[in-house]
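This report concerns only the one structure given below.
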Amino acid sequence: MTDDLAANYARAYGTRVGFGARPALIMIDFCQGYFDPACDLYAGVEDALASALRVRAAARAAGVPVILTNVVYHPTAIDGGRFYEKAAPLRYFLKGNPMGGWPAGLVPEEDELVVSKQYPSAFFGTSLASTLTALGVDSVLLTGLTTSGCVRATCVDAMSHGFRTAVIAEACGDRHQAPHDANLFDMNAKYADVVGEGDALAFLATLKR
């Protein structure tokens with residue numbers, strides 16, 4: 001096909017599902033390794049974290065649950081499976097490695113849930129779906145790292161579990177612009193609404209605590 005990409009996809013995709021009535025904010029894998037230039041995980045995603053922190057402040061002001069995820073492996077990596085085998089930088093997430101800690105500016109609050117995982121999706125092998133359901137949540141706002149990896153995997157699973165899903169573009173990041181853009185495009189076409197930070201903040205401002 002030689003036609004324009006947007007026009008091509010518009011013939012089949014482009015439906016918007018909108019925000020839900022009872023959202024939760026999920027902050028995916030904002031770990032120190034992505035922010036330390038000495039680490040091979042470094043991705044230059046400081047702007048994504050700054051955006052996510054602004055969204056988090058608005059979510060907290062609106063009484064929206066905030067859930068953070070991280071990746072933590074047993075010191076022997078016995079729980080890492082094929083993902084650990086394939087992705088060499090996951091060695092930084094062995095329990096106790098400072099690269100797996102929270103970056104400057106992000107410390108979980110006492111009323112925020114931390115979900116530790118071993119695989120890309122925040123839903124796989126965790127109680128996240130059950131927790132959200134028990135809280136009466138009908139939708140999720142996704143921020144995090146990386147767009148092409150754990151954000152995308154969480155997005156697909158969130159939709160598959162029945163949650164309206166919005167991915168906040170500026171609050172997600174990747175180690176290269178091309179996979180970031182491509183995955184935002186694909187998620188927006190098939191699995192979620194990709195929205196701007198401004199739209200997310202405006203929506204959160206409409207919610208009553």
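Annotations
- Sites excluded, GluC sites (Glu not before Pro) in DSSP loops with at most 12 other C-beta within 10 Å, longest stretch of the chain: 1-108
- Reach of Lys95 by Cα under 25 Å, taken over lysines that are not fewer than 8 positions away in the same chain: Lys86, Lys117
- Calculated [θ] (222 nm, deg cm²/dmol) that DSSP helices of n ≥ 4 give over the chain, each run adding -39,500 (n - 2.57): -9500 deg cm²/dmol
- Highest-MSF residue in the chain out of Ala38, Ala48, Ala169 [GNM, Cα springs under 10 Å]: Ala38
- When the chain is reduced to its Cα atoms, the Kirkwood hydrodynamic radius in Å: 17.4 Å
- Å² of accessible area per residue within the chain, as computed with a 1.4 Å probe and no ligands counted: 48 Å²
- Solvent-accessible area, 1.4 Å probe, carbon plus sulfur percent, for the stretch 48-148: 58 percent
- Alpha carbon centroid spacing (whole Å) that separates the stretch 58-107 from the stretch 37-57: 14 Å
The values are calculated or read from the model by the stated rules, or taken from the named source; none is laboratory data. These figures come from a predicted structure and were not determined experimentally. Cβ atoms come from the backbone with ideal geometry, glycine included; neighbour counts cover every protein chain shown. We work out accessible area using only protein heavy atoms, side chains counted, and drop any ligands, DNA or RNA first. Shrake-Rupley method; radii C 1.70, N 1.55, O 1.52, S 1.80 Å.
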